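Encoded as structure tokens, the structure appears first; notes follow it.
We did not get these values from a lab; they are worked out from the coordinates using the rules stated. Please read these numbers as outputs of a predicted model, since none were measured by experiment. Every residue, glycine as well, gets a Cβ built from its backbone with ideal geometry; the counts of neighbours run over all protein chains shown.
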Amino acid sequence: MKVFKKISLIVIMLVAALAVTGCGSKNIEGSLEDIMTKLYAGIPEENLPTMLGNIQIDSENVEGFLGTAEVSYKEAIVSESMIGSIAHSVALVRLNDAKDASAAVEKIKASVNPRK
């Protein structure tokens, strides 16, 4: 049950991150690394996975992180624990066009592997 809660949290954070960076009238400025830092701000370190690190998502690893290569994006990163098999993965995706955000969220939700 604990793993299910973590996976649910990851999906919620992914959807929120896509919504924040890709849709609405609010345009978030800054690098994805800066935005990721802001997402984690205020969370006590003991509540975060050990050794979090950001990985650039590219054409070679996009399907492993997002579950699909059918999302048109400018840039994307994922934050994961660099050790062990901790169920924690948060992806930030800056889309080419904000109007594609809802479709991108649905495509990723339908494609992502929650057991990864």
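Structure notes:
- Annotation: amide H-H contacts under 5 Å for Leu52 (H modelled 1.01 Å from N, sequence separation of 5 or more, or interchain): Met82.
- Karplus-derived 3J(HN,Hα) values for the stretch 28-39, using 6.51 cos²θ - 1.76 cosθ + 1.60 with θ = phi - 60°, are 7, 8, x, 6, 4, 4, 5, 5, 4, 4, 5, 4 Hz; glycine and proline are entered as x.
- Charged-residue dipole, Cβ positions (Lys, Arg, Asp, Glu), the stretch 28-95 about Cα centre, Debye nearest 20: 120
- Global geometry of the stretch 48-116, whether rounded, prolate or oblate, following the gyration tensor of its Cα atoms and the 1.5 cut on a/c: prolate
- Applied to the stretch 51-59, the Karplus parametrisation 6.51 cos²θ - 1.76 cosθ + 1.60 on θ = phi - 60° returns per-residue 3J(HN,Hα) values of 6, 5, x, 9, 10, 5, 8, 9, 5 Hz, with x for Gly and Pro.
- Length gained when the stretch Ile28-Thr50 is fully extended (0.36 nm per residue, less Cα-Cα span): 5.2 nm
- Residues whose amide H falls under 5 Å from that of Tyr73, counting only those 5 or more places apart or on a different chain, are Asn96, with hydrogens built in the peptide plane.
- Rounded to whole Hz, the Karplus (6.51, -1.76, 1.60) HN-Hα couplings of the stretch 78-94, x for glycine and proline: 10, 10, 9, 5, 7, 10, x, 10, 7, 6, 8, 8, 10, 10, 10, 10, 9
- Here the label points at Lys116 and Leu39, each 7 Å from Cα along the C-beta direction, are separated by 1.3 nm in the simple model.
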